[in-house]
Amino acid sequence: MSEVHLQYPDLSHLIDRLHFKPTEGKIWLAEQRSILMGLGALSSFRKEIISTLGQERGKGFFMRLGYYSGMRDAELARKLNPDASPEKAFLFGPQMHALRGMVKVIPLKLDFCLDTPHFYAEFEWIDSFEVEICRNALGQLNEPACWMLLGYACAYSSHFTGLDIQFREVTCRGQGDAHCLIIGKLAQEWPDHEEFSQLFREAPLIDELYELQSRIADLELSIQYPEDVPRALGEAPPFTSALTMIDRGANSDVTMLLIGETGTGKEVLARRVHSMSARSQGPFVAVNCAAIPPELIESELFGVEKGAYTGAMQSRPGRFERADGGTIFLDEIIELSPRAQAALLRVIQEGELERVGDTRTRKVNVRIVAATNEDLAAAVKAGRFRADLFYRINAYMVVIPPLRERRNDIALLAEHFRQRYEKQYRKKTLGLSDRAMEALNRHDWPGNIRELENAVERGIILTDEHSSITEENLFSIRPKRELSDDLRKLNQSSGQLEKPDHQQLFRETLAEQVLANQIGINDLETLLIDKAMEKSEQNVSAAARLLGLSRAALAYRLKRRDDHTESDEA
Ligand SMILES: [Zn+2]
C-alpha cells in the first residue's frame, strides 16, 4: 500500500501526443482520432435526450458515453510513460480529462494497491462542463449532474488498475452544492454497487414498448366488447355445432384449442369462453404469439427479473401473471419458441412458472384457450412443436369453419356489421342492394369474417345518406361503366379505398360558386380559417387538422393576419 505524492506528471508527455491536422480534417490524441465539438451542441443534445428518454435513462446514456471514453484513455495512460510509477501514471487520466476541456481535477486522496487489492480516491472537479450545461440549458437538477465525467472516472480507474472500481459524486454544483466531489472505492464496498452497475448496461426500450402495446390492446378489447357475453352470430350447422362445443366446455377449466383460418373470430369466441366461465370476473388477456419477436416471447408471457438480460431494467410480471384468476388467449400458438413451449407445458401441468432470470417459483391459476390456423399435428411431426404439449392442449379441440363453408350466415353477419358501423359513422343507409347482397354471397372470403366486416365498413363510408349500399361501395369499384372487366377485377383485388366521383363533382361546383361570387383567394383563406377555428372552439391544433395544415403553418397565418389588422388600425 502506498500513499501517492499527489502531483501531476509532466504534461508534455500528453501534449506531445496531441496533433491537429486541419488539412487532413483530423485531430489525433495518440492513437485516438478525436473531434472538437462545441459545448452548445452537446448541451442541446443532452436536453433532447432527457426530454425523449427521461432523466434516469438519459443519465445512463451519458454515463456510458463517458465510460467508453475512460476505457480508451486508460489504455493510452498505461502506454504514455512506461517509466512512471503506477500512481503517477494513474494521474494521466485526470490530466486527459483536463486536456479535453471537460473538467479540472484536483486529486485530494489517492491510495491504491493492486495486490491486496485496495483502492480509495477523492477528487474535486472544478468547472465541470456538465455543470455548465445545467446552468445554460437544463437548470438545477435534484441529483448530481456530472454523468459523463463519473462514467469516465469509473471506466478509467477500473481499466487502468484491472480492479472493479466505482465512483460516486457525493456533492455536485449541478444540484446546488458548493463543490463537485467524487469518491472512488472497490465496487463491492458500495452497498448499492449492483444497482449502480446497471447504469452501464445498454437499455433498449423495445421490450417496454411491447409491454405498453399489449396493455393498450387489452384495453381496446375491453372497449370493443362491452357486452357480458360476446355474441357469436351464426345459424349455419358447421358453426352452430362448433359453438355448442365451445359453450359446453366454457364452464370448466379445460384447456381449449380453437382451430380456424385467420379472421374467423377466434378471439371473440375465446372471450365468450371466458365470459361464460366461473372466471368471468377475473382478467382476460389476449396474446398474439406471432406478433411478438421470438427472443421476447418468453419474458412477455412469463415475466422477467431485473438484470436477467441487457435491457431488463426492472422486474415485471408477464401476461400469465396478469391473467391470474382469469383466462389467457394464446393466438398463433405454433409460433412459440421451444423454451416458451417448455414453460407453457409447466404452467399447464403444475400451475407454476418462473420469470426469466429468476429462481423463485410462482403459482398461477390461469385457464388457457389456444388457437392456431395451422396443422399442429404436422408441426409435431416436423419437430416444430412439442408432442407432449400438443397432447395437453389438443384434449378439447374445436374447429371453427371458414366463412365460405357457412354461406347462409353471410347475410346475418353483414346486417350485424351494417348496424354497428351506421351507429359508429352516424349514418343511415337503406341497407344492401340486391346486387350487393348477391356479390357478398358469391365472394370466397379468404379473409373470412374480418374481411366481410371491412367490406361493410367501407360500404357505409362510401354510401350516401338514405341510399342503398351498392356492390361498388362494398368492393370500392369505380362505378364507371366504361371500365373494362379486367380493370374492375384489379380494383376489386387491391381492396383500396377510393374516393367516389361525387366528391370531384362537389369540388368543381364549389370552385364555380366561389368564382361566381367574386370571393378572392385571401377572403377564401380567411373564411376557411375562421370556420375551422370556430368549429374547433379556437383550438389551433384541431383547426390545423381540419384545414390539412401543420399547427405551425396555421399559427403563422393567424399571426400574419393579426399583424395586418393591427397595422390597419394604426
Ligand atoms: Zn458535479
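The values are calculated or read from the model by the stated rules, or taken from the named source; none is laboratory data. Keep in mind the model is a prediction, meaning the values are calculated, not measured. Quick reminder, even Gly has a Cβ in these numbers, built from the backbone with ideal geometry, and neighbours come from all protein chains shown. Heavy atoms of the whole protein, side chains included, go into the accessibility calculation; ligands, DNA and RNA do not. Shrake-Rupley method; radii C 1.70, N 1.55, O 1.52, S 1.80 Å.
Identify all residues within the range 142-197 that are touching a strand residue (DSSP E or B) at 6+ places or on another chain (Cβ under 6 Å) and among the polar types (S, T, N, Q); write none if there are none.
Ser157, Ser158, Thr171, listed by residue number.
Only one of these conditions is not met by Leu212: (1) surrounded by 12 or more Cβ atoms within 10 Å (Cβ to Cβ); (2) modelled with pLDDT under 90. Which number is it?
(1)
For a quick check of your reading of the model, give me the residue pairs whose first member lies in the range 466-482 and is modelled with pLDDT under 70, whose second is among the hydrophobic types (A, V, I, L, M, F, W, C) and part of a loop (DSSP other than H, G, I, E, B), with beta-carbon atoms closer than 8 Å and at least 6 apart or on different chains.
So the pair list comes out as Ser476/Leu497; Ile477/Leu483.
Please go through the range 35-70 and give me each residue that is of a type in the set (Gly, Ala, Ser) and in contact with a Phe, Trp or Tyr (Cβ under 7 Å, 6 or more places away or on another chain), ordered by number. First the steps, then the outcome.
Initial filter on the range 35-70 (of a type in the set (Gly, Ala, Ser)): 38, 40-41, 43-44, 51, 54, 58, 60, 66, 69-70.
Matches in the range 35-70: Gly66, Ser69, Gly70.
Count, please, the residues in the range 169-207 that happen to be surrounded by 14 or more Cβ atoms within 10 Å (Cβ to Cβ) and either more than 11 Å from the ligand (Cβ to nearest atom) or more than 20 Å from Phe123 (Cβ to Cβ) (or both).
Total satisfying the criteria: 15.
Kindly list, by first and then second residue, each pair from a residue in the range 437-465 that is more than 15 Å from Arg407 (Cα to Cα) to a residue that is of a type in the set (A, V, I, L, M, F, W, C) and in a helix (DSSP H, G or I), limited to pairs with Cβ atoms under 6 Å and residues at least 6 apart or on different chains.
Sorted first by the residue in the range 437-465, then by its partner, the pairs are Ala455/Leu474; Val456/Ala414; Val456/Phe417; Gly459/Leu474.
Return the pair list, or none, for Cβ contacts closer than 8 Å from residues in the range 523-551 that are closer than 19 Å to Gln513 by Cβ to residues that are open to solvent by 50 Å² or more (accessible area, probe 1.4 Å) and not in a helix (DSSP H, G or I), at least 6 apart or on different chains.
Leu527/Ile519
Within the range 91-147, restricting attention to residues that are farther than 21 Å from Glu75 by Cβ and among the β-branched types (Val, Ile, Thr), which residue is nearest to the chain's Cα centre (by Cα)?
Ile133
Could you please give the count of residues in the range 255-297 that are open to solvent by less than 40 Å² (accessible area, probe 1.4 Å) and under 20 Å from the mean Cα position of the chain (by Cα)?
First pass over the range 255-297, keeping only residues open to solvent by less than 40 Å² (accessible area, probe 1.4 Å): 255-258, 260, 263-266, 268-275, 277, 279, 282, 284-287, 289, 292-293, 296-297.
If we keep only those that are under 20 Å from the mean Cα position of the chain (by Cα) as well, we get 285-287, 289, 292-293, 296-297.
Number of matching residues: 8.
Can you confirm whether the range 1-12 contains a residue that is among the hydrophobic types (A, V, I, L, M, F, W, C), touching a residue at least 12 places away in the same chain (Cβ under 8 Å) and closer than 29 Å to Cys134 by Cα? I'd like the intermediate steps shown before the answer.
The initial filter retains those residues of the range 1-12 that are among the hydrophobic types (A, V, I, L, M, F, W, C), namely 1, 4, 6, 11.
Now restrict to residues that are touching a residue at least 12 places away in the same chain (Cβ under 8 Å): 1, 4, 6, 11.
This time we only want the ones that are closer than 29 Å to Cys134 by Cα, so: none.
So far as the range 1-12 goes, no, none of its residues is among the hydrophobic types (A, V, I, L, M, F, W, C), touching a residue at least 12 places away in the same chain (Cβ under 8 Å) and closer than 29 Å to Cys134 by Cα.
Grab the helices (runs of 4 or more DSSP H) fully contained in the range 309-421, keeping just those with 3 or more residues being open to solvent by less than 30 Å² (accessible area, probe 1.4 Å). Quick ask: steps written out before the conclusion?
Values: elements: 319-322, 338-350, 376-381, 387-393.
Ranges flagged: 338-350, 387-393.
Can you go through Gly357, Gly326, Gly351 and tell me which one is more than 20 Å from Glu211 (Cβ to Cβ) and not acidic (Asp, Glu)? It would help to see each step written out before you state the result.
Numbers: Gly357 fails: more than 20 Å from Glu211 (Cβ to Cβ); Gly326 fails: more than 20 Å from Glu211 (Cβ to Cβ).
Selected residue: Gly351, the only one of Gly357, Gly326, Gly351 that is more than 20 Å from Glu211 (Cβ to Cβ) and not acidic (Asp, Glu).
For the range 141-158: of the residues being crowded, with 21+ Cβ neighbours inside 10 Å and part of a loop (DSSP other than H, G, I, E, B), which is nearest to the ligand (Cβ to nearest atom)?
Step one: filter the range 141-158 for residues crowded, with 21+ Cβ neighbours inside 10 Å, giving 144-158.
When the remaining residues are screened for being part of a loop (DSSP other than H, G, I, E, B), the result is 144-146.
Numbers: Pro144: 5, Ala145: 5, Cys146: 3 Å.
This residue is Cys146.
Of everything in the range 159-168, what is within 19 Å of Glu194 (Cβ to Cβ), in contact (Cβ under 8 Å) with a residue 40 or more places away in the chain and either away from the ligand (no atom under 16 Å from the Cβ) or in a helix (DSSP H, G or I) (or both)? Give them in sequence order. Talk me through it step by step, then tell me what you get.
Step one: of the range 159-168, the residues within 19 Å of Glu194 (Cβ to Cβ) are 163-168.
Retained after the next criterion (residues that are in contact (Cβ under 8 Å) with a residue 40 or more places away in the chain): 163, 165, 167.
Leu163, Ile165 - these are the residues of the range 159-168 that are within 19 Å of Glu194 (Cβ to Cβ), in contact (Cβ under 8 Å) with a residue 40 or more places away in the chain and either away from the ligand (no atom under 16 Å from the Cβ) or in a helix (DSSP H, G or I) (or both).
Which residues, counting only those in the range 106-140, are open to solvent by 20 Å² or more (accessible area, probe 1.4 Å) and either within 11 Å of the ligand (Cβ to nearest atom) or under 13 Å from Gly66 (Cβ atoms) (or both)?
Within the range 106-140, Glu124, Ile126, Asp127, Glu132 qualify.
Of a type in the set (Ser, Thr, Tyr) and surrounded by 12 or more Cβ atoms within 10 Å (Cβ to Cβ): which single residue out of Ser34, Ser12 fits that description?
Values: Ser12 fails: surrounded by 12 or more Cβ atoms within 10 Å (Cβ to Cβ).
Just a single option satisfies the conditions, and that option is Ser34.
Report, ordered by the first and then the second residue, all pairs with beta carbons closer than 6 Å, sequence separation of six or more or different chains, a first member in the range 98-111 that is under 14 Å from Gly184 (Cβ atoms), and a second member that is of a type outside the set (D, E, K, R).
Taking only residues 6 or more apart or on different chains, the pairs are Val105/Pro94; Val105/His97; Val105/Phe123; Pro107/Leu6; Pro107/Phe123; Leu110/Val4; Leu110/Ala121; Asp111/Tyr120.
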